[in-house]
Amino acid sequence: MIRIVIAEDQKMLRGAFASLLKFEDDFEVVAEVPDGQQAWEAILAHQPDVCLLDIEMPHINGLELAENIRRAGLPCKIMMVTTFARPGYLQKAMDAQVEGYLLKDEPIDCLIRAIRRVMKGERVVSTDLAAALFMKEENPLSERETEMLRLTREGMTTGDISKALFLTRGTVRNYLSSAIQKLGAESRQRAVTIAEEKGWL
């Protein structure tokens, strides 16, 4: 039997995945959970063969959970199932060495085949996503600009950043302004979002 943990914050979709997978004679769904923290606990408790993880979940997102699984040296196969065809997300998933990355709008048969393929040692990526990975843009941000956006994401103000990095406020503003301009954003928060989506933070 292939033992599976499903982590998906949308209740209806989580139930649909579980119901459809249970029709397969060689699949056993050992846990269905709505967030990353419960997924981590279920993975430790059940030691599944495969983890089906949504990316955007409360508490711990799917990408962070994948990194936790790898750091802990757990043997389970990791499959991301997402609505987001974002190259940045896919790149982070590849960096975490996930075995599968599928879009939620694919037929259930694709998911079933993908689970069996990863259990054989293959890596499975949706065709649309694979194309997006090859079309990945070059990061235009300097190391300093990236650092400014990371600190902004953490909720730090210009004053906080200037104190933390021993820079003048004007210097911090210049770096942030440059990052915003390079990303074609209208604000530093929007610049953070764009950089995150593209996998540059």
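The values are calculated or read from the model by the stated rules, or taken from the named source; none is laboratory data. The model shown is predicted, which means the values in this text are computed figures rather than measured ones. Cβ coordinates were reconstructed from backbone atoms using ideal geometry, including for glycine residues, and neighbour counts include every protein chain displayed. Heavy atoms of the whole protein, side chains included, go into the accessibility calculation; ligands, DNA and RNA do not. Shrake-Rupley method; radii C 1.70, N 1.55, O 1.52, S 1.80 Å.
Could you list, in their original order, any pairs among Lys92/Lys163; Lys22/Lys104; Lys11/Lys104 whose Cα atoms are separated by more than 20 Å? Mind showing how you got there, number by number?
Numbers: Lys92/Lys163 31 Å; Lys22/Lys104 18 Å; Lys11/Lys104 14 Å.
Exceeds cut-off: Lys92/Lys163.
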Pair Glu186, Ser19: separation of 7 Å Cα→Cβ label points (nm): 4.2 nm
FRET E, pair Leu74, Met94, Förster distance 22 Å, beta-carbon r, rounded to 0.05: 0.75
Over region 1-62, volume per residue of the alpha carbon convex hull, in Å³: 59 Å³
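Grab the Cα-Cα distance for Asn174 and Ser142, subtract it from 0.36 nm times how many residues apart they are, and report the gain in nm with one decimal. Walk me through the numbers before you get to the answer.
Numbers: separation 32, 0.36 × 32 = 11.52 nm, distance 1.25 nm.
Gain in length upon complete extension: 10.3 nm.
Can you classify region 68-129 as rounded, prolate or oblate using the Cα gyration tensor, where a ≥ b ≥ c are the square roots of its eigenvalues, rounded means a/c under 1.5, and otherwise it's prolate if a/b beats b/c and oblate if not? Each step should come with its number before you reach the end.
Values: a/c = 2.15, a/b = 1.18, b/c = 1.82.
Oblate shape, in that a/c is at least 1.5 and b/c is the bigger or equal ratio.
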Surface accessible to a 1.4 Å probe, per residue, for the residues of region 93-201, Å²: 57 Å²
Förster-model FRET efficiency, 22 Å R0, His46 and Cys110, C-beta, rounded to 0.05: 0.35
Those lysines that a straight Cα-Cα span of less than 17 Å connects to Lys182, excepting residues fewer than 8 apart in one chain: Lys136, Lys198
Arg116 accessible area, assembled protein chains, probe 1.4 Å, Å²: 80 Å²
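Given a 1.4 angstrom probe, I'd like the percentage of the accessible area of the chain that is carbon and sulfur, rounded to a whole number. The partial results should precede the final answer.
Working: 5080 of 10390 Å².
Carbon and sulfur atoms account for 49 percent of the accessible area of the chain.
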